[in-house]
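Here's the structure we're looking at; comments come further down.
The values are calculated or read from the model by the stated rules, or taken from the named source; none is laboratory data. Worth saying up front: this structure is predicted, and the values here are computed from it rather than measured. With ideal geometry, Cβ positions are generated from the backbone for all residues, glycine too; neighbour counts draw on all protein chains shown.
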Amino acid sequence: MRPANDNGPRRRKGAALPHSLPPIGLSREVAAAYIDLSPAKFDELVRDGRMPRPKQIDGRRVWDRAKIERAFAALPGDEDDTIKKVDKWAEFG
């Protein structure tokens, strides 16, 4: 039985958005999880400039999701960019 002051199930932070609409601003923990890193490693990447600095909203730091995506895309190690494309018709030439 629910207590009299219970207004229904609690909503988690950010639950006001539908799943099809991701937030544009991310907390430190969510930003780190977004690129599958620990918050400590994410902090290191922010300090050395590999990840963007946050926006300051009053006392909160919020990372721009689009900037994180661009910074992630710029990181080295994407083998798809280094593989030479082979001309499949060259062997018949």
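At a glance:
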{"item": "Single condition Asp81 does not satisfy, out of (1) exposed (fewer than 14 other Cβ atoms within 10 Å of the Cβ); (2) farther than 12 Å from Arg28 by Cβ; (3) at pLDDT 70 or above", "result": "(3)"}
{"item": "Residues of the range 62-76 that turn out to be surrounded by fewer than 16 Cβ atoms within 10 Å (Cβ to Cβ) and not in a helix (DSSP H, G or I), as a count", "result": "2"}
{"item": "Positions within the range 56-73 being within 16 Å of Glu29 (Cβ to Cβ) and basic (Lys, Arg), in sequence order", "result": "Arg60, Arg61, Arg65"}
{"item": "Qualifying residue in the range 3-16 (condition: surrounded by 10 or more Cβ atoms within 10 Å (Cβ to Cβ) and either at pLDDT 60 or above or touching a Cys at 6+ places or on another chain (Cβ under 9 Å) (or both))", "result": "yes"}
